[in-house]
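Visitor: The structure follows.
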Amino acid sequence: QALQRLGAAIEELPGKCREAFLLYRLDGLSCEEVARRLGLQERMVWRYIARALEYVRMRVHGEESQGAAP
């Protein structure tokens, strides 16, 4: 069940946020590499990753979302 919630939470993330999160966590790219690949500033990549982690953690632990995904 937790894996299903994880997958659902990741799918609920906005496009760039999801892409940054997956490149960083699953593909193992550095924040700098993710920023370069997505054409973003490194600071924005860190924000996306932080938002994604918070949202995914909340959803996996069974808390209902308080509105739309970050």
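The values are calculated or read from the model by the stated rules, or taken from the named source; none is laboratory data. These numbers were taken from a predicted model, which means no experiment stands behind them. FYI the Cβ positions are ideal-geometry reconstructions off the backbone, even for glycines, and counts take in every protein chain you see. Please note that ligands, DNA and RNA were not included when accessible areas were found on the heavy atoms of the full protein model with its side chains. Shrake-Rupley method; radii C 1.70, N 1.55, O 1.52, S 1.80 Å.
Visitor: Report the net charge of residues surrounding Gln4, where surrounding means a beta-carbon distance below 13 angstrom and charges are Lys +1, Arg +1, Asp -1, Glu -1. Don't skip to the answer; put the middle values down first.
Guide: Numbers: positive: Arg5, Arg59; negative: Glu11, Glu12.
Net local charge, Gln4 excluded: 0.
Visitor: Return one whole number: the accessible area per residue of the chain in Å², for a 1.4 Å probe. Spell out each step's value before the answer.
Guide: Details: 4750 Å² over 70 residues.
That works out to 68 Å² per residue.
Visitor: If I compute solvent accessible area with a 1.4 Å probe over the protein chains, what percent of it on the chain is carbon and sulfur?
Guide: Working: 2250 of 4750 Å².
Carbon plus sulfur share of accessible area: 47 percent.
Visitor: Further question on the same structure: In vacuo Debye scattering of the chain, one point per C-alpha: log10 I(q)/I(0) at q = 0.16, 0.22 Å⁻¹?
Guide: Taken in order of the listed q values, log10 I(q)/I(0) reads -0.50, -0.87.
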